[in-house]
Amino acid sequence: MRLFFAIDLPEGLTQPFAALQDDLCGADGLRFTDPTQAHLTMKFLGDVPEEEAGNGERGDGGPTVADAKAAGAAAVDAADLPPFEVEVGGLGAFPSEEYISVVWAGVRDGAADLEALAATLETEATDRGFDAAEKEFTPHVTLARMDDARGKDLVQDYLRNTDPTVGRFRVDELRLERSVLTDEGADYRTVARFPL
């Protein structure tokens, strides 16, 4: 199963998040994420086989779902963060504004706490055999993926000339999520929760 650690945006931010996507709906080539599943990805783990019945270990010695759960619990303990506030706002693109593959909303307030939690997650996960992150952690919520460049000029103009705010929310837990591919796209299901 494909696993990642995330902080979900609350239901109250679904509408402002969707409104932000509506502002970009004229850009051809964009594929929008489901606003009801908006989240901050804290650490992507990739494909992790489910534990074998009875022992929770893999035959090849690689990390298991149990290892992922242990990493999440240890990371929350190590970060030792109380619940904190995050404000989602501003825009950006990966890998750059010139070559856009992902359009995202950023984090204005709470970034330092998110970065601290991400750092402990990286340590705890890699200590348990998960792959190290290939890129530096940038707290963001994915708005859309650009499948082709037809709407690139419109997206670039929007990125350069707007500074929207999605809203604020309180972070009080980390989640281990499973990504399930369906005909309608990815569906995220919570595997475990780790209260701050």
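Below, the figures for the structure above:
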| read-out | value |
| --- | --- |
| Given (1) surrounded by fewer than 15 Cβ atoms within 10 Å (Cβ to Cβ); (2) more than 20 Å from Gly72 (Cα to Cα); (3) without any contact (Cβ under 8 Å) to a residue 40 or more places away in the chain; (4) of a type in the set (Gly, Ala, Ser), index of the condition Gly106 fails | (1) |
| Residues located in the range 1-10, provided they are surrounded by fewer than 17 Cβ atoms within 10 Å (Cβ to Cβ) and either modelled with pLDDT of 95 or more or among the polar types (S, T, N, Q) (or both) | Pro10 |
| All positions within the range 156-174 that are farther than 19 Å from Tyr99 by Cα and either out of contact with any strand residue (DSSP E or B) (no Cβ under 7 Å at 6 or more places or on another chain) or part of a strand (DSSP E or B) (or both) | Thr165, Val166, Gly167, Arg168, Phe169, Arg170, Val171, Glu173, Leu174 |
| Residue match in the range 161-184 (condition: among the polar types (S, T, N, Q), over 16 Å from the mean Cα position of the chain (by Cα) and surrounded by 11 or more Cβ atoms within 10 Å (Cβ to Cβ)) | yes |
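The values are calculated or read from the model by the stated rules, or taken from the named source; none is laboratory data. The structure displayed is predicted, hence computed values, not measured ones. Here Cβ is always computed from backbone atoms with ideal geometry, including for glycine, and neighbour counts include all displayed protein chains.
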